[in-house]
Each structure stands twice: as C-alpha cells, then as structure tokens.
C-alpha cells in the first residue's frame, strides 16, 4: 500500500478496512499501511495488518540499532522473546482493548509474533531510515520465510499459545 502524500493525514477506518482486505489476499497474510512518506524518513509510522499463520521470522535489530513500539488496535497476537539459541524466554498475549495491548522492544532482543485473531491490526513505530538489507538481523536458528521448515516452525509457535 502507498503512503499518504498530504502533510496532514487523518487516520480513518476506511483505510484500515482496505488494508485488512489486502492482508486477507496477500500470500504473506499481512500488509503494511505506511504513514511515513518514504523509506528515508527518520521516524516510521505504520499499520501492520496481519492474519493468523503469517510467518514473521524471528529477528533482532543489532545492525540498525532500532527500538520499536507496537500497539494493538484490533485483534490479538502472541509476542515471543527468544534467547540467542532460539529458546522462548517470554511470551506475551497482547490484545486490543485489554490490560496488555502493546510492547516496546529495545535492540538486541530476538523477537517475533503471531496473530491469534483474524484481522489483527497493530500500529508500529520505529526509527528510519529503512534499508531492507540492514533493518532486521534474522535469527540464524530460525527457518527462512517461504520454506517448509518455516511452516513447521510456525506450527510449533502456535502450539505454545
């Protein structure tokens, strides 16, 4: 989805509903709706709309030294924190409208999350600029997206919920 071009952009439900429709049709089962204007922006603001069984490969942000904040607006996720060998250290059920509805992560923390409700919508904020090759340091112990091993690993994560 394309970022807005205006200097002032109302955040409206119709755009979120459009993103939900795109996420349902996406092979990755998720879509980013950006509100920052370009990858070069110093602050990235986006809606991440995710469906169950979308695989977000465990990663950290060592190279780019980025913190990120995620707030659930709709739906729910199970957020995982891993050690450097892949052992799950923590899991947090985050649900829109509940007492636990978001998380803030510092660099050097391996993490991932899975949607546990359909049409889950998160608002995510992290520093830019974005460079696909530097943004995430993927956990070497985790399978690459799109592989049979990733499907099996995702099933293992869901079994922990």
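Values quoted throughout were computed directly from the atomic coordinates according to the rules given, and no laboratory measurement underlies them. All of these numbers come straight from a predicted model, not from anything done at the bench. No Cβ is skipped: glycine too gets one built from the backbone with ideal geometry, and neighbour counts run over all protein chains shown.
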field: Segment residue 158-residue 26, length gained on full extension (0.36 nm per residue, minus Cα span)
entry: 45.5 nm
statement: Quick note on 95, 28, ordering by fewest other C-beta atoms within 10 Å, gives 28, 95
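Residue separation times 0.36 nm, minus the C-alpha to C-alpha distance between residue 41 and residue 93: what's the value?
Numbers: separation 52, 0.36 × 52 = 18.72 nm, distance 3.08 nm.
Contour length minus the Cα-Cα distance gives 15.6 nm.
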- prompt: With a 10 Å Cβ neighbour count serving as the proxy for reagent exposure, in which order, fewest first, do 101, 79 appear?
  reply: 101, 79
- request: Would you mind computing, in nm to one decimal, how far apart the modelled labels at residue 140 and residue 8 are, each placed 7 Å from Cα along Cα→Cβ?
  value: 5.2
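Taking neighbour counts of Cβ atoms within 10 Å as a proxy for exposure, in what order, fewest first, do 43, 1 appear?
Numbers: 43 11, 1 15.
Fewest to most other Cβ atoms nearby, the residues stand as 43, 1.
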- request: Note the angle between two axes, namely the Cα long axis of helix 13-25 and the longest principal axis of the Cα atoms of the chain, as a number of degrees from 0 to 90, rounded to the nearest 10.
  value: 40
field: At R0 = 30 Å, FRET efficiency that the Cβ-Cβ distance of residue 73 and residue 149 yields, to 0.05
entry: 0.40
- prompt: Helix 148-159 versus the longest principal axis of the chain: what angle, 0 to 90°, nearest 10, using Cα atoms?
  reply: 90
- line: So the FRET efficiency between residue 132 and residue 53, C-beta based with R0 = 25 Å and rounded to 0.05, is 0.60
task: Using a Gaussian network model of the chain whose springs link C-alpha atoms within less than 10 Å, name the residue from 97, 128, 75 with the highest mean-square fluctuation.
output: 97
- line: Under the 7 Å Cα-to-Cβ spin-label approximation, residue 15 and residue 84 lie apart by a distance in nanometres of 4.1
query: Build a GNM of the chain with springs between Cα atoms under 10 Å: which of 91, 15, 132 gets the top mean-square fluctuation?
result: 132
